[in-house]
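To keep things clear, I will list the structure first and then write my remarks on it.
The values are calculated or read from the model by the stated rules, or taken from the named source; none is laboratory data. Everything quoted here is computed from the prediction, not taken from an experiment. Note that we place each Cβ from the backbone using ideal geometry, even for glycine, and neighbour counts take in every protein chain shown. Side chains included, ligands, DNA and RNA excluded: accessible areas come from the protein's heavy atoms. Shrake-Rupley method; radii C 1.70, N 1.55, O 1.52, S 1.80 Å.
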Amino acid sequence: MSEQKLILVVDDDPDLVEAVSMKLEAKKFRVAKAYDGVEAMDRIKEEKPALVILDVMMPRKNGWDVCEEIKNSDALKDIAVVLLTAVADSVKTTSYTHHDGKTTLADDYIPKPIDLDELMEIVTDHCN
Amino acid sequence: MKQISINGIRLGRKMVHAGRYSISGENTVPLYQILSEHRINMVCAGLHSINTAQVFSCCLEEKHRKQAARIPGCSPDLPDVCMVSIYPHHGNHQVPGTLLRMLGHAGIRFVQLVSSHAMICVVIETRDQDRVISLLESAFALPPSHTPYYQEIEEDISRFLQKYPETRAFYVEEKIKTYGIGRMPGLELHQTRCTLKELADAGEKMAGMARLDKKFYFVSAMPGPKDLYDLFLLTDPDTGGTPAMTADFISFHGPHFGDRYKILGTAMDCLAAGRVPVILAGCTGASISLVVPAGRGQDAQNALVSGFESP
């Protein structure tokens, strides 16, 4: 049941992590939180979330590197990744092509400032 | 004593503190407006506007020291400070209560304490940094893989930002983008004026409010004249004790608010244009918090639309 799936929210802005988490919890998702890329990888390996909402610019390890690590791992590659970025124009790499031509290893991305309702739709779509 | 679980402690170093105490009717341009005009970002700021007095306090990156020291009303010797934040608080009274009790018991002076949606930030003198971190580590439990307290921006990110500054698009926006403007009407505003030592008791009392399973929405404390601290706590109704007044709460946050000048000034301008008085204001992290008189929250929310975009 998608309502019980675990979503990992990763951003170095704790206020945004809380806002997104509260919205996800209201939608009956389980939520885990991380505040940089290294902590995110630890949580991903430990908890195997169904989907990761991943900021790009973070200390220690950026979102692209986390995304590549997930997608290049046989054990983790099925985890859906949604990138949050204020620099959508510079999304890099190749395996996924967005409708407007941007490419990324992630399953989806959403430009900042994010519309929380739009993000919830994306999460729900991927979890279903 | 049982440790309280949190996810992280963050340390902001190399900052200076500026503040101003004024009596209403004094014809002075607010310090936050002057800083905006000089394009100086406030890493955190707090405003108490109660009765006839207004206390404003903020901390700035150290690189702005010389520029800020020349501003009329600012001390020429801006003290070195650092900001320690804990997160998330989840509106749990135990978090600010424990922090205040800890600071009061240890006799550690702070120049500002202010909350955001997720964080509680306290600005202390740099020399007290290690002591405060160590006290926090004993009072709060962190997950084993927590983020380091002090975050260095990676070199490759720095290089990337030079080419694609994340904030570039937002500095030129017509209206400041937010993730949404929230409003909570009919809350209780509790006020305490006390010495630093007495803050330990106030913190104890605040932590005890957690038993009632009620939330707090905003906390702000700053020293005023005669070294007495003014502590404000905005809570759910019926939290216990006698509130100073009822009030409405407005909060919002947006991308990179913590790195940008002019956010608080714009919010205050919007409310002034809408003739909505502000009792308390705080900004820290990526959040702005505003406490307005009961019944004026909707007016405040409407007034903010002239300066901020809500999805």
List every residue pair whose Cβ atoms lie under 7 Å apart, where the two residues are 6 or more positions apart in sequence or sit on different chains, the first residue falls within segment A:1-30 and is more than 14 Å from chain B (Cβ to nearest Cβ) and over 17 Å from B:G182 (Cα atoms), and the second residue, located anywhere, is surrounded by 15 or more Cβ atoms within 10 Å (Cβ to Cβ) and of a type in the set (G, A, S). A:K5/A:A50; A:L6/A:A32; A:L6/A:A50; A:I7/A:A50
Among all residue pairs at least 6 apart or on different chains, which show Cβ distances below 6 Å where the first residue, located in segment B:255-272, is within 11 Å of another protein chain (Cβ to nearest Cβ) and the second is modelled with pLDDT of 80 or more and not in a loop (DSSP other than H, G, I, E, B)? B:F257/B:I263
With respect to A:A86, determine if the residue is at pLDDT 85 or above, in contact with a Phe, Trp or Tyr (Cβ under 8 Å, 6 or more places away or on another chain), buried (at least 21 other Cβ atoms within 10 Å of the Cβ) and of a type in the set (G, A, S). no
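Condition (residue is part of a loop (DSSP other than H, G, I, E, B) and either within 19 Å of B:A221 (Cα to Cα) or touching an Asp or Glu at 6+ places or on another chain (Cβ under 6 Å) (or both)) applied to segment B:31-42: is it met by at least one residue?
Quick first cut of segment B:31-42, residues part of a loop (DSSP other than H, G, I, E, B) only: B:38-41.
Subset that is either within 19 Å of B:A221 (Cα to Cα) or touching an Asp or Glu at 6+ places or on another chain (Cβ under 6 Å) (or both): none.
Scanning segment B:31-42, I find no residue that is part of a loop (DSSP other than H, G, I, E, B) and either within 19 Å of B:A221 (Cα to Cα) or touching an Asp or Glu at 6+ places or on another chain (Cβ under 6 Å) (or both), so the answer is no.
Considering segment B:67-94 alone, what residues qualify as being within 14 Å of chain A (Cβ to nearest Cβ) and under 20 Å from B:G258 (Cβ atoms)? Before you say what the answer is, go through the steps one by one.
Initially, segment B:67-94 is screened for residues within 14 Å of chain A (Cβ to nearest Cβ), giving B:83-92.
Listed by number, the residues that qualify are B:M83, B:V84, B:S85, B:I86, B:Y87, B:P88, B:H89.
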Selected residue (only one of A:A19, A:A50 is under 21 Å from B:S287 (Cβ atoms) and open to solvent by 10 Å² or more (accessible area, probe 1.4 Å)): A:A19
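Can you work out which of the residues in segment B:207-221 that are in contact with a Leu (Cβ under 9 Å, 6 or more places away or on another chain) and at pLDDT below 95 is nearest to B:M1 (Cα to Cα)?
Keep residues of segment B:207-221 that are in contact with a Leu (Cβ under 9 Å, 6 or more places away or on another chain), which gives B:207, B:209, B:216-221.
Of the ones still in play, those that are also at pLDDT below 95 are B:207, B:209.
Details: B:A207: 13, B:M209: 17 Å.
Top of the filtered list is B:A207.
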Would you confirm whether or not segment A:32-49 contains a residue that is closer than 20 Å to B:L11 by Cα and part of a strand (DSSP E or B)? yes
Select from segment B:101-152 the residues that are open to solvent by 20 Å² or more (accessible area, probe 1.4 Å), within 23 Å of B:F232 (Cβ to Cβ) and within 14 Å of chain A (Cβ to nearest Cβ) and list them in ascending order. B:H117
